[in-house]
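Below is one structure, written out as C-alpha cells, with a few remarks after it.
Here, each number is a calculation from the coordinates, and none is a lab measurement. Computed from a prediction, not measured in an experiment: that's the story for all the values here. Quick reminder, even Gly has a Cβ in these numbers, built from the backbone with ideal geometry, and neighbours come from all protein chains shown.
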Amino acid sequence: MNTLRPWARKVIAVTEIPGLPRMKKKHLASHKIPFCDSIGVISANLWHDWPRFRLMPERLEAFACLVEDKNADILLLQEVTRKPDLRVDEWLAKRLRMDYVYSRANGHSRIGFEEGVAIYSRFPLHSPNLLQLGKPGSLFVRRMGVSALVDTPCGSLHAFSVHLGIQKRDNARQISHLHHWVRQSAPHMDAVIGGDFNAHETSPLIKQTSSVWVDTYRQVNPTKDGHTHSLHWPWGGVMVRHRLDYIFLKSEMSDWQVADTQHMTTPGLAHSDHRLVYTRLVPARVIHQN
C-alpha cells in the first residue's frame, strides 16, 4: 500500500477538474496610447512536445521575438506547458511584460507536467472565466476554453482561447458549446475567439462558424492556401496539410475591421508544429476618419 499510495495520488490529481483560472497582473507594462489606431492579436499552439520537450526555451524565445516584432497586444495560447524546470505561463509573462490568465487543461503539477490554455495582454485583464467544452471524453483528457475581458484603448474586447478535440463527434459538441458560451458571456460585446479548433475549414462545423463570426484570415485572404499544420511521412515529405488554427471576430456593431491576417512561424527555428495566426484589427471609427 505504501508503494501504491503515491501513484494513486498522481492518478487522482490528473483526473481533477481544473479549478479557477490563474490570473497574474504584476507584469503589466505601461501601455498608454493617446490614440488607438489598431490592436494586434496572435493565436498560437505552442506545442508542448511531451515527453521530449525539444528545444522548448529556444522555441519560446523565438516566439517572444515574433510577438515583439509584430507588436502584438493580445495572445490567445494553447498547449502552455508547466514542468518543474519551466513554467511557460510565468516565463512568457516576465519576458513580454504582459498580464495573463492561465488554466490547466491536462496533466497536473504532481506528475511533473501539465498543459493548458492562456490569454496574455498588454492591457488590463479582468473577469476571467473557464469552461470545459463538450462532454468529458475521458477522465484524463479534457478540452478547455478560457476567457477574459480586455480593456484596450480602443474599447473593451472579450477574448477567448480554446483548444478543441480531434474526434469529430467530440469536436462538434465542443464547437456547439463554444458558440453557446460566447453568446452567454458576450451577448452585446465584440469578441475575438482564437485557438486550435482541430477542424479543417472545409468541415461543416467551421463553415457554420464562419457564417456567424468573421473568419479573419479568409476576410483578408479569400483564396490563399491557409494550412497551419502538416503531417509528414517518416522520410520527411508532406503527407497532408490542414488549416486547424483560427481567429474569429464577433463584431456586434461593426466596431472593428480586419486590417491584416497572416499565418506565420518563426524564422529559423520553428516555434511550434503549428503555424500561428496573426490578426490586426482596426476600430471602424479610425477607418471612417481616414
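Points worth noting:
- Whole-number Å³ per residue for the convex hull built on Cα positions in region 50-130: 89
- With a cut-off of 12 Å between beta carbons, the residues surrounding residue 245 carry a summed charge of -3, where Lys and Arg count +1 and Asp and Glu -1.
- Inter-part distance where region 167-232 and region 30-105 are each reduced to a Cα centre, Å: 21
- Selected from 260, 99, 215 as most flexible by GNM, with the chain as the system and alpha-carbon contacts under 10 Å: 260
- Structure note, pairs 25/250; 83/224; 94/168: Cα-Cα distances above 31 angstrom occur for 83/224; 94/168.
- Each Cα pair under 8 Å and six or more residues apart adds its separation to the average, and for the chain the resulting relative contact order is 19 percent.
- Placing +1 on the Cβ of every Lys and Arg and -1 on the Cβ of every Asp and Glu, with no other charges, gives region 40-289 a dipole of roughly 600 debye about its Cα centre.
- Checking Cβ-Cβ separations below 4.7 Å across the chain identifies 65 as cysteines lacking any candidate disulfide partner.
- Each of 90, 252 was scored by other Cβ atoms within 10 Å of its Cβ. Listed from fewest to most, they are 252, 90.
- Based on the Stokes-Einstein relation at 10 °C and a viscosity of 1.306 mPa s, and on the Kirkwood radius from alpha carbon pairs, the chain is assigned a translational diffusion coefficient of 82 µm²/s.
- Among the DSSP helices (H) of the chain, those spanning at least 15 angstrom by Cα along their long axis with an average Kyte-Doolittle hydropathy of -0.5 or more are 4-15, 56-69; this is a geometric and hydropathy rule only.
- Each Lys and Arg contributes +1 and each Asp and Glu -1, all at the Cβ; summed about the Cα centre of region 87-148, the dipole is approximately 40 debye.
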